[in-house]
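Here, each number is a calculation from the coordinates, and none is a lab measurement. As the structure is a prediction and not an experimental result, all values here were calculated from the model. Cβ: placed from backbone, ideal geometry, glycine included. Neighbour counts: every protein chain shown.
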Amino acid sequence: MSAYAILPPIPDTPTAGLPDIQARPDVRGVALDAVGVKGLRHPLTLHGDHGQQPVVATLAMTVGLPAASKGTHMSRFIEVLEARPAIVGQAGMRTLVYAMLARLDASSGCIEMSFPYFVRKTAPVSGTSSLLDYDIAWRGEVDADGIYRFRMRVTVPVTSLCPCSKEISAYGAHNQRSLITIEAELREAMAIEDLIALAERNASCEVYGLLKRPDEKYVTERAYDNPKFVEDLVRDVALALQREPRVGAYRVEAENFESIHNHSAYARIARPAAAA
């Protein structure tokens, strides 16, 4: 069963004869792709394969508006969110989108939410445990054809080490912290941790919140033995995404915060979903 039940209609507050300007028709003949609220912060508890985690999400909730409608009812977006249970998952996100469409009497709409997400990681040698934070975004959308799509974006800090620097230097090589951002349209549910791990596996080395000296030696040598340009990062992540059956269309970006320059190195690749 979904984490969300279909939400019952919320009765309107009695208006005592007050005029409803938004409910009047519009004669300009211009439909709107999206209208609603954004920048809305709300506490939620995420439910997934790895348990529950409370977050404070920033949301945008919008619906399509027909040309004949003057406006939407902004308060109803908040009502839909306030009526939600405490826990939301990817299946619950889908149900919440359809509940919004029903409440706003709309045929298309979108809910986007972004939030920090913490993963407990174990240091590679000492086994020391610590939390590392990641920036996550979910997007659930029903388009004008009535098709629902779900996209997840993860921004993952990693280490990259320059292959050229390693090749031409008598000793050492410059490395830097990098960010890999994956935005994937999912064909089926996929844990946040799984998409994060896909990015980390394809970097020179992953990063940790807490390292002891043996761990520091390990990650330094691991990166040195696994050098990658920013181009390598996006190519290797893209190949891994193409092998992942839960992923359809995707976009991958990598930014290296260069340690020997006052600018970043950057690469991007985007691909549509492969034909079935």
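In this rough spin-label picture, where each label sits 7 Å from Cα along the Cβ direction, the Arg41-Lys70 distance is 3.4 nm. Each principal axis of segment 130-207 carries a Cα extent, and these read 60, 30, 16 Å when sorted largest first.
Neighbour counts of C-beta atoms inside 10 Å place Arg24, Arg235 in the sequence Arg24, Arg235, starting with the fewest.
Going from the fewest other Cβ atoms within 10 Å to the most, the residues Phe257, Phe77 appear in the order Phe257, Phe77. In order along segment 236-252, the Karplus-derived 3J(HN,Hα) couplings, from 6.51 cos²θ - 1.76 cosθ + 1.60 at θ = phi - 60°, round to 5, 5, 4, 5, 5, 5, 5, 8, 8, x, 7, 10, x, 5, 8, 9, 10 Hz, and Gly and Pro are given as x. Given +1 at the Cβ of Lys and Arg, -1 at the Cβ of Asp and Glu and no other charges, the dipole of the chain around its Cα centre is 120 debye to the nearest 20.
Residues Ser108, Ser130, arranged from fewest to most other Cβ atoms within 10 angstrom of their Cβ, appear as Ser130, Ser108. Normalised radius of gyration (Cα atoms, divided by 2.2 N^0.38 Å) for segment 28-271: 1.18. Only Cα pairs under 8 Å and 6+ residues apart enter the sum, and on that basis the relative contact order of segment 28-271 stands at 15 percent.
Modelled label positions at Asp26 and Ala197, each set 7 Å beyond Cα in the direction of Cβ, lie 4.7 nm from each other.
Here Tyr98 and Ile168 are evaluated by their C-beta separation; at R0 = 51 Å the FRET efficiency comes out at 0.35. The lysine pair count for the chain, using Cα distances under 24 Å and pairs eight or more places apart or on different chains, is 7. Working note: Debye formula, equal point scatterers on the alpha-carbon atoms of segment 73-216, no solvent; log10 I(q)/I(0) at q = 0.21 Å⁻¹ is -1.26. Would you please give the FRET efficiency between Thr220 and Arg246, computed as 1/(1 + (r/R0)^6) with r the Cβ-Cβ distance and R0 = 41 Å, to the nearest 0.05? Calculated transfer efficiency: 0.75. Gap in Å between the Cα centre of segment 198-276 and the Cα centre of segment 89-159? Result: 20 Å between the Cα centres.
Scattering from segment 23-64 was approximated by placing one identical point on each alpha carbon and applying the Debye formula without solvent; log10 I(q)/I(0) at 0.15, 0.26, 0.27 1/Å stands at -0.58, -0.93, -0.95.
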